[in-house]
Each structure stands twice: as C-alpha cells, then as structure tokens.
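The values are calculated or read from the model by the stated rules, or taken from the named source; none is laboratory data. Computed from a predicted structure; not experimentally measured. Here the Cβ positions follow ideal geometry from the backbone for every residue, glycine too, while neighbour counts run over all protein chains shown. We work out accessible area using only protein heavy atoms, side chains counted, and drop any ligands, DNA or RNA first. Shrake-Rupley method; radii C 1.70, N 1.55, O 1.52, S 1.80 Å.
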Protein chains: 2
Amino acid sequence: MNQPTIQEAIKVACSNCNLRELCMPVGFDSEDMQKLDEVVATRRRVKQGDLLFANGEAFTSLFAIRTGFFKTCISAADGREQVTGFQMAGEIIGLDGIVSDFHSCNAIALEDAEVCVMPFANIEDLSREFPLLQRHMHKVMSREIVRENGVMMLLGNMRAEERLAAFLLNLVQRLHARGLSQTEIVLRMTREEIGSYLGLKLETVSRAFSKFSDEGILEVKQRYVRIIDPEALKKIFNPQTYC
Amino acid sequence: MNQPTIQEAIKVACSNCNLRELCMPVGFDSEDMQKLDEVVATRRRVKQGDLLFANGEAFTSLFAIRTGFFKTCISAADGREQVTGFQMAGEIIGLDGIVSDFHSCNAIALEDAEVCVMPFANIEDLSREFPLLQRHMHKVMSREIVRENGVMMLLGNMRAEERLAAFLLNLVQRLHARGLSQTEIVLRMTREEIGSYLGLKLETVSRAFSKFSDEGILEVKQRYVRIIDPEALKKIFNPQTYC
DNA sequence: ATCTAGCATTGACGCAAATCAACATAAATG
DNA sequence: CATTTATGTTGATTTGCGTCAATGCTAGAT
C-alpha cells in the first residue's frame, strides 16, 4: 500500500490535453500554452487502493487527475476516519500540503488512476509570469474553501436523506460536466466511504438509498444508481426552494 | 444592518503594524516592506452586528482583521444557518469570494472591529513581484482548507463534548498566540453561534459547558470561561492519545 | 433603582440515527 | 467450480441530541 508508485518520465503536454479546460486557465495563445506545459513534470499511475500521497509526507507537488477517482481522508489518533472529499478527472489534489510543506491527509485511488505531477515550485514560478495562471490557482483554492463550506452546512444542519441527495446531485453534476450521464452513476466508493464523507454510518446510507428506491426516486443496484426523479431529489436536498 | 459601513481613507502601513507577523510574510528588508504597504488601500471600521461583506456581494478585497472578532456564516434557502468560522485579529477574511468574484458567505462583526482593506488586484500584482508574498497567500488559503478539513472531522465523527473541547482548545491556542491568556476566555459569541459552528443546538452547548463545570474542568460564568484542567480537556478532545 | 430584552441554564420527553445482529449478494481466489 | 471475503441490505433496539418549555441571569434603558 505504501510503497512509492511508479514515476513515469513521460513528458506530457497540457496543450494537447482534452481536460485542459478543467485543470488549466483558458485564454492563452499557443505560444504561452507551450510554456504552460512546463507546470507538468511527469505523469504517475496509481493503482486502485494505493496512496497518491499520505499524511505526513513531504509536499512537493500538486496533482491534476487525468483518469480515475480518488478520496482524501484524515484520521484521528483513535482511528476514526473522515473522508474529506472525492476527486475526479480534471480536479486538483494536494492543496492541503502547501501550508506546512507536509500533507495533512491521505489521498487514495478508488480505481486505477493517472495523474499529472505538477511541482509546486513550477506552479509558483509560472504564476508570477502568467497572471491568468496565478488567477486560476487562486480560484482553485478558493473553490475548495467554498466547497468545504458547503460540506459544513451539510454536516451541521442536514438530515441523512438531505445529505445523500446533496451528495448524489453534486456527483452527477460533476460527472455531467465531464460528458457523462446526468442520470446514471456507477459509484466508485463504498457505502462506508459515502457515510464517512456525509457524517453517517454505512447502514444509514444504505437505508436512505433503499428509501429513495422505494419512493421511485432512484433505481439502485449496489454501486449502480439511476436517478429516476431528479426534481424529487432536489426537493429533498432543499425543501424550502420548492414549497 | 445592511447599510455600507464607513470607508475610512486612512493610509496605514503594514511595516509599522504589530500584527504584521500574523497577516504578512516575514523576511522582507525595509525597502521591500515599503512596497508591501501598498497591499492595504484603506482601513474600515465595522460596528458590532454589522456586515463586513454579505453573500452575493461583489468580491474586490480581502480583509485583514486589525481589531475585533468576526463570524462567517452561510444560510440555506430555508433559513438554516451554518457558522463556518470565527476570525480574530491578524486573520484574513474573504477568501470565499475569489472563485466566483462574489462572496458566498456573510461576515459579521461580533464586536466593534477594524479591518485593513486589501484590494485583491493589489495582492495579485505584488504577489507576482514578491515570491514571499505569493507563498504567504498560498499558505493562507491552504491553511483555511486544512482548518475546514478539521471541522469536517469534528462534525462528522465527534460527540458534543469532544466538539466543545476542540473548539475551546483551538480558541485559547489562537488567543495565546496573540499574547492573551491560555486559560481565560471571554467568549465573543453566543451559545447559539457556538452550536451552529459545531453542528449542535444551543441547549446542547450549554449542557456541555455545565458538565465540564461540574467535573471541575472549566469555570463558566456566561461568556467568561476559565480552563481549570487543560489536560482533561485535551483528553476529551482526543481520548486515544491519552489512554 | 426598576424594568425589559436578550441570552443562558435546566428539566422532561421524543426522535433520528447509531448500534447490534442476521443475512444476502457480489467479487476475488484457489 | 466451490469457497472465501468484502460489501450491502434489513430488522430490532438503544441512545445522544433535539425539541419544547419553564426559569434564571445580566446588561442596558428609563
């Protein structure tokens, strides 16, 4: 689990990457885009279940996910775990490490994955040269702060079914932005991992899925989920908007 | 409540500010420090109960707190509120606005306060010029991400008394870093605001205070709190570290 | 000094989710 | 193929916190 994953010295180019609009700022001419390719040093493959980085590990790079699906989690001294996020293609992972030069969470691949390794020194150097990149990085970090604010609302104020509805709506929205279905999901995480993220036990997550299924809102077959009635889901997520 | 607070055109200098080590990077020579003063455009006073900025308001500036105490909170469509943080002197507030150019939370002064207005354009311009400032801003944002990760652990995994213990320990630690007592606090927020931050109802917060008081861990008189037994508090916050 | 409004404390009771437990299903392995 | 292991579902019961309600405390207003 903890052995270093293979560093692959394949030079890759953001300029040719179909995920560029997700990871990188827009508005560059092709000449600047060439220079921007320098943020990515290498790619790295991470097998399902393996760590991309671990709590306590030295921070050197951010990672842009090319393929695959990750979870980040922190654990208390007594072993309790909290999943702090699920990350998919085009998203940036590793921001937690900047403040102390050490990572403060574990990033684990939930399926075989490939990431672009972006040494943070490169990012900072190029950010000083390219205001568009600087702005982009600021937005990436601010977006993460705002996302976590939303999770706090979820954990502090919502009941189990509201949390699951919010989670599913967020997930399909992000998948849809990547060209996937708005209604069909194959979950990459277990009920326990969903529960950890949502501050619930796995049984409660399972029951909420079953309830939604009984009510005709979802079709659920283990990891496969189809949203039959998205409006009903939105109504559960935020009742007041609809009543 | 919502009328704009007075913009004061007092030119102030970070170079002479006793909070500089909290807000600003260290390691500048006096010449660079002069240029760095340009990040702060003006100061602004905010009265107790008034908004520093509001959800939906255009984002233009970050704010460094000179004096006073703030809360930030978000509210759902149905009125449920979540306090996302409490901020004190030397801390930076407003990072939520960067991603969308609009603030996504309310920042409310819990006591009369004064802030340094730092137009974000100034920060970005000077960050390109001064790597130390650039690094500092990245750390400020990363620190906020890591803080929120910790709050997620709190909200997702901990019981009421653990949450309150964690909250109090965090508060005294930050106050102590500002030269105040490690053991005595005068809370700036109500039981309801503490509860909102911790995902609890005000009655539960009050009961936890009373329990700690009964057990001889705290002395509690309304907003005044004295920590009699810090070790016991740490033990509650994280049992496994001590057993 | 007295009144008032906002905040805090405490008790009784109810409920949503946790816990405990049994079983079902699917994927992994020999 | 059968067997093991991980994951998921469902039911019965418990419990920690929420809800509702009454009362107390304190600061500021008059």
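Summary of computed values
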item	result
Members of segment B:29-48 found to be open to solvent by 40 Å² or more (accessible area, probe 1.4 Å), over 16 Å from residue B:125 (Cβ atoms) and at pLDDT below 90, listed by number	B:29, B:30, B:31
Sole residue being in contact (Cβ under 8 Å) with a residue 60 or more places away in the chain and out of contact with any Lys or Arg (no Cβ under 8 Å at 6 or more places or on another chain), chosen from A:164, A:171	A:171
Residue count for segment A:173-182, restricted to those that are among the hydrophobic types (A, V, I, L, M, F, W, C), open to solvent by 30 Å² or more (accessible area, probe 1.4 Å) and part of a helix (DSSP H, G or I)	1
Failed criterion for residue B:165 (all others in (1) away from DNA strand D (no atom under 16 Å from the Cβ); (2) open to solvent by less than 40 Å² (accessible area, probe 1.4 Å); (3) not assigned by TED's automatic domain parsing to the domain that holds residue B:21 hold)	(1)
In segment A:204-219, residue farthest from DNA strand C (Cβ to nearest atom) [restricted to those that are open to solvent by 30 Å² or more (accessible area, probe 1.4 Å) and in contact with a Lys or Arg (Cβ under 8 Å, 6 or more places away or on another chain)]	A:219
Among (1) among the basic types (Lys, Arg); (2) within 16 Å of DNA strand C (Cβ to nearest atom); (3) within 19 Å of the chain's Cα centre (by Cα) - the single one residue B:178 does not satisfy	(2)
Of residues in segment B:220-236 being open to solvent by 80 Å² or more (accessible area, probe 1.4 Å) and assigned to a helix (DSSP H, G or I), the one nearest to residue B:165 (Cα to Cα)	B:235
Residue within segment A:184-200 that is away from DNA strand C (no atom under 16 Å from the Cβ), open to solvent by 30 Å² or more (accessible area, probe 1.4 Å) and away from every other protein chain (no Cβ under 14 Å) present	no
Elements of type strands (runs of 3 or more DSSP E) contained in segment B:71-172, each with 3 or more residues being within 10 Å of chain A (Cβ to nearest Cβ) and in contact with a helix residue (DSSP H, G or I) (Cβ under 6 Å, 6 or more places away or on another chain)	B:81-88
Test for residue B:233: is it within 14 Å of another protein chain (Cβ to nearest Cβ), more than 13 Å from DNA strand C (Cβ to nearest atom) and not charged (D, E, K, R)	no
Any pair with Cβ under 8 angstrom, 6 or more apart, that starts in segment B:202-223 at a residue that is assigned by TED's automatic domain parsing to the domain that holds residue B:162 and ends at one that is among the aliphatic types (A, V, I, L, M) and within 7 Å of DNA strand C (Cβ to nearest atom)	B:209/B:220; B:210/B:220; B:212/B:220; B:213/B:220; B:223/B:187
Residue under evaluation residue B:241, criteria (1) within 12 Å of DNA strand C (Cβ to nearest atom); (2) at pLDDT below 95, criterion not met	(1)
Residue pairs meeting the criteria (Cβ under 9 Å; at least 6 apart or on separate chains; first in contact (Cβ under 8 Å) with a residue 24 or more places away in the chain and hydroxyl-bearing (Ser, Thr, Tyr), in segment A:97-115; second assigned to a loop (DSSP other than H, G, I, E, B) and open to solvent by 30 Å² or more (accessible area, probe 1.4 Å))	A:104/A:55; A:104/A:56
Options B:213, B:206: the member that is within 10 Å of DNA strand D (Cβ to nearest atom), modelled with pLDDT of 95 or more and of a type in the set (Gly, Ala, Ser)	B:206
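Per-residue answers, yes or no, for (1) among the small types (Gly, Ala, Ser); (2) open to solvent by 10 Å² or more (accessible area, probe 1.4 Å):
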residue: A:101; (1), (2): no, yes
residue: A:105; (1), (2): no, no
residue: A:109; (1), (2): yes, no
residue: A:119; (1), (2): no, yes
residue: A:125; (1), (2): no, yes
residue: A:135; (1), (2): no, yes
residue: A:140; (1), (2): no, yes
residue: A:143; (1), (2): no, yes
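A quick yes/no check of all residues on (1) modelled with pLDDT of 95 or more; (2) within 13 Å of the chain's Cα centre (by Cα); (3) not assigned by TED's automatic domain parsing to the domain that holds residue A:20:
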{"position": "A:149", "(1), (2), (3)": "yes, no, no"}
{"position": "A:174", "(1), (2), (3)": "yes, yes, yes"}
{"position": "A:190", "(1), (2), (3)": "yes, no, yes"}
{"position": "A:199", "(1), (2), (3)": "yes, no, yes"}
